Amino acid sequence: MKIIDISQKLHHGTPVWPGDTPYSFQLNWTKEQTGSVNVGQLTMSTHTGTHIDAPYHFDHNGKKVADLPLERFIGPALVVNVSGKTSIGAEDVQHLDLTEISKLLLKTSSWENKSEFPSEITFLQEDLAPYLMQQGVDLIGVDVPSVDPIDSKNLPAHHSIENSHIQILEGIVLDEVEEGIYDLIALPLPLTEADGCPVRAILIDRT
Ligand SMILES: N[C@@H](CC(=O)c1ccccc1NC=O)C(=O)O
Ligand SMILES: [Zn+2]
Ligand SMILES: [Zn+2]
């Protein structure tokens, strides 16, 4: 079985949303102090690196991370190259055969320098999610930190995706991944109060 890791590495320099809490890891206790073990502490924004959004992120009445069904995060996934476009709408995916596919992963290649937070990215149009819902898709993954433009405040794509009962997966790394069908696993921690959660996202190569 070949596993492709499509997760960003988490380290002190991992870029986060401007002004948001950066990732940090520190040892709170050392082996010398405890006499037995090192014990670490993590601090980070819930939208750090490769992560999922819970509807609560943009809707006060929306579900939180632990309320999301796990089926959403595991299943047959199509990776498709949509690079070179400002935005992605239904017409850009109409040619795809989505039978047997429940996760659509969009390779926009619009975040080139991964060591810096991008100022402009390829974003999703409001007509994409309703079309994908019709086709049986329940998760959309993107290789950028947001499905809306970075400066968007009303987040039309986020809301249209939630209204279509589709899960958002952001910040996946698809640079080395070829177009095709894989099995995706991208599970969040069962955080009961959270609006989002970093995930370890992997593709299982069926060939
Ligand atoms: N909605 C964006 C995240 C976002 O907007 C954001 C994330 C962290 C800190 C601030 C944010 N937005 C501030 O206006 C997203 O889900 O990617
Ligand atoms: Zn997010
Ligand atoms: Zn988001």
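Nothing in this text is a laboratory measurement; each read-out follows from the coordinates by a stated rule. Fair warning: this is a prediction, and the values are worked out from it, not measured in the lab. Cβ coordinates were reconstructed from backbone atoms using ideal geometry, including for glycine residues, and neighbour counts include every protein chain displayed.
Side notes on the structure shown:
- At q = 0.16 Å⁻¹, base-10 log of I(q)/I(0) for the chain (Debye sum, equal scatterers on each alpha carbon): -1.04
- In the chain, Cα pairs under 8 Å separated by at least six residues give a relative contact order of 31 percent.
- Net charge in the neighbourhood of Pro118 (other residues with Cβ under 11 Å of its Cβ; Lys, Arg +1, Asp, Glu -1) is -3.
- When only the Cβ of Lys, Arg, Asp and Glu is charged (+1, +1, -1, -1), the dipole of region 90-207 relative to its Cα centre reaches about 300 debye.
- Around the amide H of Ile88, modelled in the peptide plane, lie the amide H atoms of Phe123, Leu124, Gln125, all under 5 Å away and 5 or more residues distant in sequence or on another chain.
- Helical mean residue ellipticity (222 nm; -39500 (n - 2.57) per DSSP H run of 4+; nearest 500) of the chain: -2000 deg cm²/dmol
- Highest-fluctuation residue, Glu126, Glu32, Glu170 considered, GNM on the chain with Cα pairs under 10 Å: Glu32
- Low-density loop cleavage sites - trypsin sites (Lys or Arg not before Pro) in region 135-207, where at most 11 other Cβ are within 10 Å (DSSP): Lys153, Arg206
- Candidate lysines for bridging to Lys85, where Cα separation is under 20 Å - those fewer than 8 sequence places away on the same chain excluded: Lys107, Lys114
- Taking 1.567 mPa s as the viscosity and 4 °C as the temperature, the Stokes-Einstein diffusion coefficient of region 33-137 based on its alpha-carbon Kirkwood radius rounds to 77 µm²/s.
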